[in-house]
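The values are calculated or read from the model by the stated rules, or taken from the named source; none is laboratory data. This one's a predicted model, so the numbers in the text were calculated from it and none came from an experiment. Ideal geometry is used to build each Cβ from the backbone, glycine not excepted, and the neighbour counts take in all protein chains shown. Calculation scope for accessible area: heavy atoms of the full protein, side chains included, ligands and nucleic acids excluded. Shrake-Rupley method; radii C 1.70, N 1.55, O 1.52, S 1.80 Å.
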Amino acid sequence: MKKSKWIAIAAVLLCGVLLVQCAYTAQNVPKLTAGPPANKEPVVQTAAEQVDLSLPCRAAVLIDQDTGTILYDKNGDTQMPMASITKLMTLLLTFEAIHDGKLQCDQEVPVSEHAASMGGSQIWLEPGEHFTLKEMLKAICVCSANDAAVAVAELVGGSEPAFVSQMNARAAELGMKNTHYCNACGLDAADHHSTAHDVAILSRYILNTCPEILEYSGIWTDQLRGGETHLVNTNKLLKSYPGMTGLKTGTTSGAGVCMSATAVRDDLSLIAVILGSPSGKERFEAAAALLDYGFANYEAGAVPALPNAPLDLPVRGAKQGAVQLDYNDIPPRVLVKKGGGKDLRAELVLPESVDAPLDQNQELGTVNLYADKEKLGSWAVKSAMQVEKLDFAAAFDLILCRAVGRESM
């Protein structure tokens with residue numbers, strides 16, 4: 001049979017295919033909106049269960065690190081000084097500069113007269129003295145050295161005022177609406193303030209994006225200057241509270257005694273923020289009580305597997321017959337009430353097929369998570385690739401290639 005005949009046959013077949021496709025699509029539009037919109041994070045209702053823990057502090061917040069869910073709140077949005085918890089922002093900007101390749105941990109940090117003049121907790125830096133950035137980070141995290149924090153701020157920002165501008169800009173980007181920095185170390189200043197909620201936001205962010213901070217905040221003792229300067233961690237809970245990992249303490253006359261404490265037990269990661277305690281002893285007692293409350297009432301429940309979940313989904317009107325599916329938004333664990341992990345049930349909602357074109361990361365379905373009949377949250381199932389629509393020319397070429405291929409057999 002001649003190729004001209006195959007071309008004619010192909011054209012007739014293509015018209016038929018397009019007509020059938022149009023009719024099929026009109027009658028079988030995939031219902032991608034079944035169920036409520038997908039949320040990236042589960043919703044845990046805790047406000048109605050708020051309890052009075054009688055914590056000895058002016059403000060306190062307890063959150064789950066993975067989801068950011070607030071589990072306890074006492075004056076969480078009240079502005080007040082936060083002392084050396086300020087250094088968490090100094091550390092964040094420094095770690096981000098390292099991640100961006102702007103700084104190296106083994107490079108030397110020069111000490112200016114301004115940095116050496118800082119009072120309060122310090123490692124007694126001398127102008128012109130040099131330490132590596134890693135050594136400075138240890139001094140900041142372990143013994144909360146103000147002089148080291150300012151020296152690092154000058155390295156990152158060029159000067160402390162320029163660095164403080166970066167601190168305030170980063171706070172705004174993170175949604176820390178009630179925070180304003182005046183210095184890089186946390187010494188009392190007229191307009192230097194934050195809130196327990198904002199400190200929790202910052203603590204969670206640095207833990208999730210710069211987990212190496214725990215390598216420093218978990219150090220109990222270390223030394224500098226060949227053993228002449230000893231560093232002892234200001235976080236005494238590292239030795240007394242099971243699961244304690246960090247994070248930062250702070251004390252000034254204006255702020256009182258403060259802390260952002262992080263702990264992990266059975267895959268549940270909690271952040272407890274304490275601002276304005278009367279003493280160090282009461283600060284640690286408040287943080288421990290807050291963490292005890294969280295671990296006693298919540299757990300990290302494993303999201304059930306979806307054994308029959310398809311790896312791809314048929315696509316109509318495309319050159320390729322299917323699109324690969326992306327389930328990466330589904331977390332391995334979610335926050336649930338204590339004992340609720342055993343009752344979790346996952347439900348996959350997907351259409352039988354979808355129409356081209358498709359963008360990469362386009363939402364095609366959802367995975368809904370339930371505890372008994374209560375819906376805890378839902379996550380999107382997305383396309384793992386872009387799929388272009390099959391136009392007339394491409395469809396004609398496809399049919400022609402198949403027809404010619406049969407002739408050559």
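Quick look at the numbers
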read-out: For P242: the one exception among (1) without any contact (Cβ under 8 Å) to a residue 40 or more places away in the chain; (2) over 30 Å from S378 (Cβ atoms); (3) not in a loop (DSSP other than H, G, I, E, B); value: (3)
read-out: Residue satisfying all of: in segment 266-296; part of a strand (DSSP E or B) and not small (G, A, S); farthest from H193 (Cα to Cα) among these; value: L268
read-out: Looking only at segment 56-92, and only at residues there that are closer than 24 Å to P211 by Cβ and acidic (D, E), the one that is surrounded by the fewest Cβ atoms within 10 Å (Cβ to Cβ); value: D66
read-out: Residue match in segment 185-192 (condition: on the phi < 0 side of the Ramachandran plot, of a type outside the set (G, A, S), outside any loop (DSSP other than H, G, I, E, B) and modelled with pLDDT of 95 or more); value: no
read-out: When residues of segment 361-370 are limited to those that are open to solvent by 20 Å² or more (accessible area, probe 1.4 Å) and part of a strand (DSSP E or B), the one nearest to E347 (Cα to Cα); value: Y370
read-out: Candidate set: segment 344-360, residues that are not polar (S, T, N, Q) and not in a strand (DSSP E or B); chosen: the one surrounded by the most Cβ atoms within 10 Å (Cβ to Cβ); value: L350
read-out: Which listed residue is surrounded by 17 or more Cβ atoms within 10 Å (Cβ to Cβ) and over 24 Å from the mean Cα position of the chain (by Cα), from L231, L202; value: L231
read-out: Total residues in segment 90-132, condition within 25 Å of T179 (Cβ to Cβ) and either touching a Gly at 6+ places or on another chain (Cβ under 7 Å) or not in a loop (DSSP other than H, G, I, E, B) (or both); value: 12
read-out: Count of residues meeting criterion [open to solvent by 40 Å² or more (accessible area, probe 1.4 Å) and either polar (S, T, N, Q) or more than 18 Å from E96 (Cβ to Cβ) (or both)] in segment 133-158; value: 2
read-out: Which listed residue is part of a strand (DSSP E or B) and among the β-branched types (V, I, T), from T234, T251; value: T251
read-out: Residue in segment 283-306 that is open to solvent by less than 30 Å² (accessible area, probe 1.4 Å) and of a type in the set (S, T, N, Q) present; value: no
read-out: Test for E299: is it in a helix (DSSP H, G or I) and among the acidic types (D, E); value: no
read-out: Sole residue being under 26 Å from the mean Cα position of the chain (by Cα) and small (G, A, S), chosen from S269, S279; value: S269
read-out: Any chance L71 is of a type outside the set (S, T, Y) and modelled with pLDDT under 50; value: no
